[in-house]
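Report on one structure; see the data block that follows.
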Ligand code: DHB
């Protein structure tokens with residue numbers, strides 16, 4: 001597909017940055033005439049040991065490149081920088097990563113700022129996704145990104161929405177701008193992230209080349225290249241934020257808090273009712289269910305994800321452990337192949353809900369998401385009419401910029417209605433069945449919509465998995481190779 005020429009964008013020939021722009025940024029990343037040109041020669045060679053998903057230890061030698069800024073006009077290069085790790089040999093056997101898939105692994109959590117500037121080698125704890133990818137012969141790119149808590153000397157919040165997604169897009173553009181210079185196949189970028197990072201990974205996948213981000217990308221001097229990615233790996237994405245309070249009450253509304261108390265039932269019911277309206281607007285269709293509504297969404301979740309999840313879990317247990325699990329959890333009926341149980345019993349099994357009502361747009365403006373939608377010198381704002389009007393009265397209106405910011409942060413905005421044709425077509429989506437950081441329907445709605453669009457969607461709910469669970473890390477690495485068509 002031919003891209004329209006972007007006015008103001010950088011090209012390889014014109015990537016020079018006015019000294020003044022760099023000098024006025026908070027952190028001058030580097031001098032030189034073409035800061036966005038990747039220099040393959042600038043690297044250190046490192047050796048590390050990686051324990052793969054099966055427990056085998058590998059010795060991996062790799063080139064480690066530090067890119068001091070992936071944009072020409074960084075606001076804060078401590079965050080707007082990235083590291084590239086390129087495998088050279090695994091267990092002494094040479095690896096040619098020239099055309100290998102690229103894992104773009106963000107480490108964002110809590111919508112907080114995330115920096116890789118201080119890293120002296122590939123990141124992640126032993127066994128982490130980045131390391132598994134490196135040992136599999138893939139190129140690993142670790143981008144930093146601005147986050148919600150960053151505030152400058154004048155009290156201006158400069159990492160609130162949409163800064164983090166703009167930065168991740170700029171990192172993708174940097175890689176694509178450097179096609180042929182940066183190792184790996186820039187047409188096979190696979191993003192990964194967990195929780196807020198999973199939300200941003202999903203958003204990166206859904207919003208590829210959306211014109212909505214152009215002014216923000218131009219402002220920071222992002223490279224003139226596509227920001228569409230090939231595939232998106234999303235663990236427990238905390239996304240669809242403006243519908244999350246309603247979704248939370250639809251899902252966990254009847255569950256107690258950790259201290260045994262219950263949430264305000266009238267607030268909970270009011271929000272749950274809103275979710276029915278949202279589902280009616282979404283008009284998601286799933287085979288065997290017709291249109292998903294507040295009345296059949298529980299069955300859809302149970303039959304599509306939760307019962308198969310329990311069945312997978314039970315089938316993998318040794319006989320004695322399975323027998324013990326089943327006798328400790330009599331709500332599950334097991335016929336040797338299938339697990340069945342009711343939605344009500346499942347909710348009882350999960351137990352305490354993690355968050356109070358409302359879970360995301362807090363009345364007291366104290367949640368991470370209130371801060372995410374802060375702007376200027378305002379640290380935190382309301383982003384739903386429900387919470388705003390609860391605090392400020394029935395006539396209150398959201399700040400005028402909020403609807404556009406919500407769209408910039410929500411993958412569903414890019415998928416529902418006329419879906420973005422430049423989105424990723426390959427999706428790896430994971431969440432634990434005991435994860436009450438958000439509604440279990442966030443992932444199922446995303447899945448249902450992507451399936452409806454005909455995308456290749458691999459979604460699994462991990463039985464009894466909590467927030468951040470990753471029970472099949474090796475399978476993700478294999479999946480990347482498969483969807484990318486990579487042969488070693
Ligand atoms: C994360 C968790 C949350 O519960 C939330 O609301 C936002 C982010 C996280 O772990 O990244």
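Values quoted throughout were computed directly from the atomic coordinates according to the rules given, and no laboratory measurement underlies them. Given the structure is predicted, the values throughout are model-derived calculations rather than measurements. With ideal geometry, Cβ positions are generated from the backbone for all residues, glycine too; neighbour counts draw on all protein chains shown.
Odds and ends about this structure:
- Angle in degrees between helix 307-316 and the longest Cα principal axis of the chain, rounded to the nearest 10: 80 degrees
- For the chain, the longest principal axis of the Cα atoms and the long axis of helix 196-206 meet at an angle of about 70 degrees.
- Take 164-176, 102-114, 145-157, 259-271 and order them by the average number of nearby Cβ atoms within 10 Å per residue, most first; the result is 164-176, 102-114, 145-157, 259-271.
- Nearest-ten-degree value, helix 441-452 long axis tilted from longest Cα axis of the chain: 70 degrees
- Annotation: average projected area of the range 331-445 is 10.9 square nanometres, based on the convex hull of Cα atoms across all directions.
- The order of the peptides 477-483, 286-292 by mean Cβ neighbours within 10 Å, most packed first, is 477-483, 286-292.
- Cα gyration tensor shape of the range 401-488, rounded if a/c is under 1.5, else prolate or oblate by comparing a/b with b/c: oblate
- Taking 14 Å as the cut-off, the amide N atoms of the range 189-230 that come nearer than this to a point 7 Å along the Cα-to-beta-carbon line of residue 419 belong to 205-208.
- Packing-based exposure ordering (other Cβ within 10 Å, fewest first) of 312, 449: 312, 449
- Whole-Å distance, taken between Cα centres, linking the range 74-142 and the range 41-66: 10 Å
- Gyration tensor (alpha-carbon) shape descriptor, the range 258-331, a/c threshold 1.5: oblate
- Global form of the chain, assessed from the alpha-carbon gyration tensor, a/c cut-off 1.5: oblate
- Here r is the Cβ-Cβ distance between residue 277 and residue 329 and R0 is 41 Å; the resulting FRET efficiency, rounded to 0.05, is 0.75.
- Relative contact order (%) - criterion: Cα under 8 Å, at least six apart; region: the chain: 16 percent
- Each peptide among 395-404, 83-92 gets the average number of other Cβ atoms lying within 10 Å of its residues, and from highest to lowest they stand as 83-92, 395-404.
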